[in-house]
1. In the set C:Gly15, C:Gly30, which member is over 13 Å from C:Val202 (Cα atoms) and in contact with a Leu (Cβ under 6 Å, 6 or more places away or on another chain)?
2. (1) more than 9 Å from every other protein chain (Cβ to nearest Cβ); (2) more than 21 Å from the chain's Cα centre (by Cα); (3) not hydrophobic (A, V, I, L, M, F, W, C): which one isn't true of C:Pro93, the others all being true?
3. Tell me which residues, restricted to the range A:112-134, are in a helix (DSSP H, G or I) and at the interface with chain B (Cβ under 8 Å from one of its Cβ atoms).
4. If a residue has to be under 20 Å from the mean Cα position of the chain (by Cα) and surrounded by fewer than 24 Cβ atoms within 10 Å (Cβ to Cβ) to count, how many in the range A:99-126 make the cut?
5. Of the residues that sit in the range B:264-296 and are surrounded by fewer than 20 Cβ atoms within 10 Å (Cβ to Cβ) and outside any helix (DSSP H, G or I), which one is farthest from the other protein chains (Cβ to nearest Cβ)?
6. Just for helices (runs of 4 or more DSSP H) wholly inside the range B:1-113: which have at least 2 residues that are at pLDDT 85 or above?
7. When only residues in the range A:135-149 that are surrounded by fewer than 18 Cβ atoms within 10 Å (Cβ to Cβ) and in a helix (DSSP H, G or I) count, which is farthest from the other protein chains (Cβ to nearest Cβ)?
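The values are calculated or read from the model by the stated rules, or taken from the named source; none is laboratory data. Since this is a predicted model, take the numbers as computed values, not measurements. Here the Cβ positions follow ideal geometry from the backbone for every residue, glycine too, while neighbour counts run over all protein chains shown.
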Amino acid sequence: MEFGGIRALDAFDLQLRQGEIVALIGPNGAGKTTFFNCLTGLYRPTRGELLLTPPGGETRGLVGLKPNEITEQGLARTFQNIRLFPRMTVLENVMIGLHCRTRAGVLGAIFRGPATRKEEKETIAASLRLLSKTGLADLADEPARNLPYGAQRRLEIARALATDPLVLLLDEPAAGMNPQETLELDELICRLRDEGLSILLIEHDMKLVMSLSDHIFVMDYGRKIAEGSPVEVRRNPEVIKAYLGEEESDAPA
Amino acid sequence: MAAPNVRLTWGDTGRALLTSLWFVFLTFPFLAVKINPAEQTVLWRWPNLIHVAVTTFLLSLAACLYRQYREARLDRKTEDDLPVGHNPLHLLWTRPGVRLPLLAGASAIALVFPLLFSTYQTNIMITALLYVMLGLGLNIVVGVAGLLDLGYVAFYAVGAYSYALLNLHFGIGFWTALPLGALLAALFGILLGFPVLRLRGDYLAIVTLGFGEIIRLILENWNDFSHGPSGIANIPRPGFFGLDLSLEGSITYLYYLMLGLVLFTVFVVNRLQNSRIGRAWFALREDEIACQAMGIDKTRTKLTAFALGATWAGMAGVIFAAKTTFINPASFTFLESAIILCIVVLGGMGSIIGVILAALLLILLPEYLRPLADYRMLAFGTVLVAMMVFRPRGLISPVRRTYTVRGRTISDEPA
Amino acid sequence: MEYFVELFFSGLTRGAIYALIALGYTMVYGIIGLINFAHGEIYMIGAFTALIAATVLSLFNLPLPALLFLSLAAAVIWASAYGYTIERVAYRPLRGAPRLSPLISAIGMSIFLQNYVLLAQTPDFIPFPALIPEFAALEPYAGVVGSSDLVILLSTALIMLLLSLFIKFTRTGKAMRATAQDRTMAALVGINVNRIIAATFVVGSALAAVGGLLIASHVGQINCFIGFIAGIKAFTAAVLGGIGSIPGAVLGSLILGLTESFATGYVSSDYEDVFAFSLLVLILIFRPAGLLGKTSTEKV
């Protein structure tokens, strides 16, 4: 990926298996979010490939698809700076996530036949289930912008889950959360992994990263400088130099 | 709530005085002087300046009071942070026991209107209903989907000209032309929408404006096709099962027809808003990028809104042609688009009842206050600015539908 | 050949006038990201003020140069005052509002001003005196380039030069550029952003007023609706050159002026405005960043 001659991402490759949590760490400006934007089709990479193999399905290339098509293929994301639909209710936010899994069109909306009614009912029920799962059920009718920060982050996850993804991309989900909220987030992510979801995580909270991840990739200046298990990465001198800049002290076991 | 403490200080009065002096200066060449260039003479109109001075002085005092009132009553800054619908009209409308009698009263009046009033009045009411329909159509595009369409009148023109031309050349009647005109307008909407809908909001506004003007200019200049500025006359009124109606009868008939169509529009728009598509429109207005990331096809969703809006303009166009029996390009200027936009903005961008009220207000008021008719466009301009500055949510704010019942815990909900 | 040269000069003249108006669009857009829909009306106000001033002053039997100078001064002063007031009343309260709110407000302002002049003066076309002097030396070339063409071209060039010096070297000019790049940061380093935005409106309006006087004197008649079409065309020019870019506005204006001149001269004059509108639609669809503009990617 290049921006006007500046190479923001260079020869970065990453693999993610089903039911795995992989973290992507690196200093600010290393290109983590740019990588996410390439994955989700918001930016179009100058070169490179993105392959997705659904369980029991065929491998498909996703580069060049529009963002909504990529979501349909099974990649869902959250945003670093929360991008909810602020004036819609919490429930509606999640229902939007189900948009690409439902079909009702204009005629369906006008005539509201049995199929449409059934679909609408199922949409509401499924959204409520997701809200219960993320602990937001009591806030269903609140406009999204009235939610406290931590709840907004969880709502973003619920909304992404509503698109029924194979891979969930979380961009700094713990940013701005207090320790209690981070703990709950940790639990939620583990639960999602156990349900078979693959999770790719960008995060600065080292405690969260170290406890959750099966595998960690470290990037700086758009390149991969290290990868491995949490233990390996923590011992890697390159990482300590580039990322922490000093003796490892930020990452207690 | 206790009356907020507002008062005027000498400083406020001084500022108001300065403001009024500034406006006297500003309006001096236009209001104090009236030139007659043909005879090279000048008429001085000094009293006008006094009017300006007094009016702006009072207005600026009022604005000062309003500001204090707002600041005293709300500690939050923008209207956007307020709970939905804090304005009196909205509160009245949402109060239990008010809506039903009001609606019943309004429908009763609407039903017997042509029996009570003269043909002339009925005709005015038909125009107002036509604008209700146009407003509701544009509301889908601007109010719900958040696409500022400044060329809405183009689709209105497409509808009107399709009926006029189809009738002229092929003798096609009103009832066939109505769906055809709607279809043609929708087709135009899709043709235009396809390339332009990926543009950013303000560019979209200007492109649609350009498109509207292009259509009008073509109608004006392509004489062989559209009969140019002289327009097309003798367009038949809608027939009633082949019966020959008197002028009065056909106007009454048109009135009920229009009433039915407005009800149909309300029904459709209401259903659309509370549907999968409607949610997607609203979400698109809130955050396009998040929408795409949630799997919503941006272009297609916008195109649907655009085409639906155009469909309604097309239908309204056919009716307009049938009502006036004569059309020419002068009926389809940018100002027409601006009036319809004004209706949507005043109505609260997305609220159906708001749009209906605004259309009736903006069309009927100048009709019945004849002396004010000259100031109509001046008032429209003022309304657009004032609404944006003071009450961006319009007369009646659209309320998001809630799907669960408040107070009931979620465990009762069928999972 | 002579016809070609004639069309070329009339195109340049058109372009020069468009440039004077387009600069106001582009400067305002560059600084607050608003399509100032009422800008065409400012141009109309400028032309009208000049006409009113000239008519009043001609009662005193002033010589032509004094008449020209005083009407120009009046046009600039009042147009600037209107520009400033519009910003205060219709746009400043909407800083930070959704993008479309100030645009709707601007449309309202435009309709208001049109009808204000219509009611205060007249809805009809009225003759405008020839304020630009005729030069005897140009007599032999009158078929190709008239005196007023030349005056318009030269004064536009001069104004452009002054404007670029102003933007480049003065304190206000530098503050304008800083505010255009990053309004929050500019405010943090102590620039009074509201004042700078107001100054931008004043400068843009003054330029439009000069354009108003020049074109009205060139064409010989005005009415209260001239602002709408001129505004749209100047906006087209600004977008063509890349909105927000000052050299772009000039380049775009000249291209538009020449295109219109040749298209009406060689194809058909019925569709004069259709050319401009089609050009606008085509640029926005195929190259929204314009000729000299930069494409920007929204940060996610």
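1. C:Gly15
2. The one condition C:Pro93 does not meet is (1).
3. A:Thr116, A:Glu119, A:Glu120, A:Thr123, A:Ile124, A:Ala125, A:Leu128, A:Arg129, A:Leu131, A:Ser132
4. Residues in the range A:99-126 being under 20 Å from the mean Cα position of the chain (by Cα) and surrounded by fewer than 24 Cβ atoms within 10 Å (Cβ to Cβ): 3 in total.
5. B:Asn274
6. Of the helices (runs of 4 or more DSSP H) lying wholly inside the range B:1-113, those with at least 2 residues that are at pLDDT 85 or above span B:10-27, B:46-73.
7. Checking each candidate, the answer is A:Tyr149.
Residues checked against (1) among the acidic types (Asp, Glu); (2) over 24 Å from C:Gly231 (Cα atoms); (3) out of contact with any strand residue (DSSP E or B) (no Cβ under 9 Å at 6 or more places or on another chain):
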residue: C:Thr85; (1), (2), (3): no, no, yes
residue: C:Arg88; (1), (2), (3): no, no, yes
residue: C:Tyr91; (1), (2), (3): no, no, yes
residue: C:Gly96; (1), (2), (3): no, yes, yes
residue: C:Leu103; (1), (2), (3): no, no, yes
residue: C:Phe112; (1), (2), (3): no, no, yes
residue: C:Thr122; (1), (2), (3): no, no, no
residue: C:Ala130; (1), (2), (3): no, no, yes
residue: C:Ile167; (1), (2), (3): no, no, yes
